[in-house]
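The values are calculated or read from the model by the stated rules, or taken from the named source; none is laboratory data. Predicted model, so just to flag it, every value in this text is computed and none were measured. Because the Cβ atoms are built from the backbone with ideal geometry, glycine has one as well, and the counts that use them run over all protein chains shown.
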Amino acid sequence: MPNPIESLTEEIVAFRDARDWRQFHNPKDLALALSIEAAELNELFLWKAHESVDASGVREELADVIIYALLIAHHYGLSVEEIVREKLEINAKRYPQELSRGSARKYDEL
């Protein structure tokens with residue numbers, strides 16, 4: 001069974017390549033685009049209660065953020081599943097349940 005994240009990434013890359021956009025998708029510009037799309041996602045929440053934010057806008061901006069993140073991972077040959085699991089392992093050590101449950105403190109303040 002194919003990995004859904006890898007399949008999705010292949011579809012995004014095919015979309016990009018069919019439009020000859022690879023020339024614009026260097027790591028710096030992808031990171032900037034990701035940051036800009038994340039800011040657009042943040043803008044949806046600005047000055048509003050989170051409950052009143054339009055979910056369709058969140059859906060669209062979040063998709064943009066994910067697309068650029070997947071393109072960055074693809075550029076560096078990173079397995080999204082692998083790097084996320086590795087980060088979860090790191091965070092499990094930084095934030096043990098018994099010290100961090102219900103707390104918003106950073107790991108070095110626990």
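Structure notes:
- Test: residue in the range 20-27 that is modelled with pLDDT of 95 or more, over 20 Å from the mean Cα position of the chain (by Cα) and either charged (D, E, K, R) or closer than 30 Å to Leu110 by Cα (or both): yes
- Subset of the range 8-20 (residues that are over 12 Å from Tyr68 (Cβ atoms) and surrounded by 11 or more Cβ atoms within 10 Å (Cβ to Cβ)): Leu8, Glu10, Glu11, Val13, Phe15, Asp17
- In this structure, Glu51 does not satisfy being outside the structural domain of Leu110 (by TED's automatic domain parsing), touching a Phe, Trp or Tyr at 6+ places or on another chain (Cβ under 7 Å) and either assigned to a helix (DSSP H, G or I) or within 25 Å of Asn3 (Cα to Cα) (or both).
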